[in-house]
1. Inspect all residues belonging to segment 92-113 and state whether any of them is touching a residue at least 60 places away in the same chain (Cβ under 8 Å), crowded, with 22+ Cβ neighbours inside 10 Å and over 27 Å from residue 324 (Cα atoms).
2. Give just the number: which of (1) in a helix (DSSP H, G or I); (2) touching a strand residue (DSSP E or B) at 6+ places or on another chain (Cβ under 8 Å); (3) not assigned by TED's automatic domain parsing to the domain that holds residue 99 does residue 241 not satisfy?
3. So in segment 97-128, with the set limited to residues that are within 16 Å of the chain's Cα centre (by Cα) and assigned to a loop (DSSP other than H, G, I, E, B), which one is nearest to residue 203 (Cα to Cα)?
4. Take residue 273 and decide whether it is surrounded by fewer than 19 Cβ atoms within 10 Å (Cβ to Cβ) and at pLDDT 95 or above.
5. Does residue 222 meet the test of being outside the structural domain of residue 322 (by TED's automatic domain parsing) and either in contact with a strand residue (DSSP E or B) (Cβ under 7 Å, 6 or more places away or on another chain) or surrounded by fewer than 16 Cβ atoms within 10 Å (Cβ to Cβ) (or both)?
6. Name the residues in segment 234-259 that are under 19 Å from the mean Cα position of the chain (by Cα) and without any contact (Cβ under 8 Å) to a residue 60 or more places away in the chain, would you?
7. Just to be sure, is residue 179 under 21 Å from residue 34 (Cβ atoms), within 20 Å of the chain's Cα centre (by Cα), modelled with pLDDT under 95 and not in a loop (DSSP other than H, G, I, E, B)?
8. Looking at this structure, is residue 36 without any contact (Cβ under 8 Å) to a residue 40 or more places away in the chain and in contact with a helix residue (DSSP H, G or I) (Cβ under 7 Å, 6 or more places away or on another chain)?
């Protein structure tokens, strides 16, 4: 059933989105401010389930593309957020009927709320990943043959463009160059799809899950329970490690925040490798979990999610892991988001530490 997002729901939803962002997806605080502003100015947003979207709907995703570290200093405006939607609607020659999240993690769960509010459109309770990934083509719609382009993009200076490409990987490559030239952070809208395509390709109820996680953390604090344990239970995951951040290596290159962090425990060290999002966790050199399953860093006591750009020396943290949507474990999906794609010469490991055995019945990437 449909429900309504008001400004009062944003803090909890943003907190849950930051958890699912696996360290990336942009600063949740900035996204929350933008969404709250849009809701105050334009009114509440109606959130509909996938089953409520008509077959002939025109669904567009809205997101921020670029390095999360840049967005902290280059704040987006509502004008910048809606500009690519207007440009893409004009290019397609059809009015947009629904907004969707490309990814549920971090700021890219709240920017679509701002867009839906400013445009007066319903928002779908779903997203293209069930988490966050660093590259544009890394969404489940790619596996179902849904084109990312035409893709519209805009920056804070008023520059707007519409890009048409031969496949989603080329959309990423060309749009990333434009993004770097436009200051390493732009707003984008793409993946035009019908309601029928959205029902097949998107991850259902992901915004509801954000609310549940955020509210669960807050409730655990009020009950003087363990918010990290509560989050692990909600995600069906496990806790990997507990310790203190002792080293962070981070740089913004080619439009991404790349690096690694070392966390020391009582008698062992955990190393996390990231490209915007956490991609691999290794305990004393032994791989524990890799992408596509989720790796998340939470503050030790409060359970507050910590993004990759928020990691600092001396923080006491706990690292947890959870399963991704099972469609990410097909051979085609692992070729697109598995550790090998990012240059890690290790087998894919699921959240429980088992070596990856790809699911044979998941959809292949369309030619």
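The values are calculated or read from the model by the stated rules, or taken from the named source; none is laboratory data. The structure presented is a predicted model; accordingly, all values stated were derived computationally and were not measured. Glycine also receives a Cβ, built like all others from the backbone with ideal geometry; neighbour counts cover every protein chain displayed.
1. Scanning segment 92-113, I find no residue that is touching a residue at least 60 places away in the same chain (Cβ under 8 Å), crowded, with 22+ Cβ neighbours inside 10 Å and over 27 Å from residue 324 (Cα atoms), so the answer is no.
2. Evaluating residue 241 over (1) in a helix (DSSP H, G or I); (2) touching a strand residue (DSSP E or B) at 6+ places or on another chain (Cβ under 8 Å); (3) not assigned by TED's automatic domain parsing to the domain that holds residue 99 leaves (1) as the failure.
3. 128
4. Details: surrounded by fewer than 19 Cβ atoms within 10 Å (Cβ to Cβ): no; at pLDDT 95 or above: yes.
Spelling it out, it is not the case that residue 273 is surrounded by fewer than 19 Cβ atoms within 10 Å (Cβ to Cβ) and at pLDDT 95 or above.
5. On the way: outside the structural domain of residue 322 (by TED's automatic domain parsing): yes; either in contact with a strand residue (DSSP E or B) (Cβ under 7 Å, 6 or more places away or on another chain) or surrounded by fewer than 16 Cβ atoms within 10 Å (Cβ to Cβ) (or both): yes.
Yes; evaluated as a whole, the condition is true for this residue.
6. Within segment 234-259, 234, 258, 259 meet the criteria.
7. Details: under 21 Å from residue 34 (Cβ atoms): yes; within 20 Å of the chain's Cα centre (by Cα): yes; modelled with pLDDT under 95: yes; not in a loop (DSSP other than H, G, I, E, B): yes.
Yes, satisfied.
8. On the way: without any contact (Cβ under 8 Å) to a residue 40 or more places away in the chain: yes; in contact with a helix residue (DSSP H, G or I) (Cβ under 7 Å, 6 or more places away or on another chain): yes.
Yes; evaluated as a whole, the condition is true for this residue.
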